[in-house]
């Protein structure tokens, strides 16, 4: 018997062999000393009996689990996911039902909750379904529940409108109506690289390799990308000139300073950047559905329309799943027509 710690659980797992088969059981603790105590006192022959007793004695309540899960999310995912998805989802969920033991929350309770939310907002119902289901999957890994009650319920269907995107000419109109001069290069960079706003405000000069015309979206102790992976984005000639034009003004800066900032050691606030962009869109009298994330959509859309493979777009945009990139597949209609015309 021995202990392991893996990415699937925050607790040490005890590995033992039963009938020549490798078996694991959670120690229920992330403390190595406590886990070793569990190992020393573990008797495989009495495990099932002791597990039932332990299960009855240590039922975790919904409120306690929520606090543990929030702590896990804060250390593992982006703060935006915690604030925009996890916190609002559980806030509504906890108001809907009493503070039950987690294992007593049945499929019926979940179904009724999702239905009640969907009656007012299908979008919210879909968000809560995805978010809380993911949390219950983690509870399953942590051995708090025996099965996920969400697995027997279908996700609420929501209507999905096609993402708004810009032409380069429309971007230039927005740029001309942007009141903050130091944000204009940031808007251009978003359009030509598809970088997320969080990536742009965290972008530092050492990310840029002017010799090879590449931006490396990097992860470090202060910032990680959405999918926790670094990626390379080539720089075209237009963007290269834009970035070179702002570099001489701050030639004495450190390579660790931010590229886009009024004060180069102070990171921009994402909401501030987003509001300035939206204000410029309104002044430009363009489609009201255009917002900052539309620059990322524009990058993907323009590539797809020019015949770039969805798999290449996926890698450049840093999408974790090709399904995300496939929302742009409707833009391939001309390519499909050209293919049929070859017959």
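Reducing region 67-93 and region 133-166 to their Cα centroids gives an inter-centroid distance of 14 Å.
Counting other beta carbons within 10 Å of each Cβ, put 331, 100 in order, fewest first. Walk me through the numbers before you get to the answer.
Values: 331 18, 100 14.
Sorted ascending by nearby Cβ count, the order is 100, 331.
Over the chain, what is the mean sequence separation of C-alpha contacts under 8 Å (at least six apart), divided by residue count, expressed as relative contact order in percent?
Numbers: 385 pairs, mean separation 45.1, N = 343.
Averaging sequence separation for qualifying contacts and normalising by length gives 13 percent for the chain.
Taking a point 7 Å out from the Cα of residue 220 in the direction of its Cβ, the residues of region 177-212 whose backbone N falls within less than 15 Å of it are 199-209. Relative to the longest principal axis of the Cα atoms of the chain, the long axis of helix 270-284 lies at roughly 40 degrees.
Apply 1/(1 + (r/R0)^6) to the Cβ-Cβ distance of residue 271 and residue 104, taking R0 = 41 Å, and write down the FRET efficiency to the nearest 0.05. Show your work: numbers first, answer last.
Numbers: r = 39 Å, r/R0 = 0.96.
After rounding to 0.05, the efficiency reads 0.55.
What's the Cα-based Rg to Rh of region 168-338, Rh via Kirkwood?
Details: Rg = 16.1 Å, Rh = 16.8 Å.
Result for region 168-338 is an Rg/Rh of 0.96.
Extending 7 Å from Cα along the Cβ direction at residue 155 and again at residue 37 yields two label points whose distance is 4.2 nm. Spin-label pair residue 80-residue 177: with each label point 7 Å from Cα along the Cα-Cβ axis, the two points sit 2.3 nm from one another. Helix 62-76 and the longest principal axis of the C-alpha atoms of the chain enclose an angle of approximately 40°. Overall shape of the chain was characterised from the C-alpha gyration tensor. The equivalent ellipsoid obtained from it has semi-axes of 45, 26, 21 Å, in decreasing order.
Look at 161, 176 and count the other Cβ atoms within 10 Å of each Cβ; fewest to most, that gives 161, 176.
Would you list 330, 293 from fewest to most Cβ contacts within 10 Å?
Ordered by Cβ neighbours within 10 Å, fewest first: 330, 293.
Laboratory data are not the source of any read-out in this text; all were calculated from the coordinates shown. These figures come from a predicted structure and were not determined experimentally. Virtual Cβ from ideal backbone geometry, glycine too; neighbours counted across all protein chains shown.
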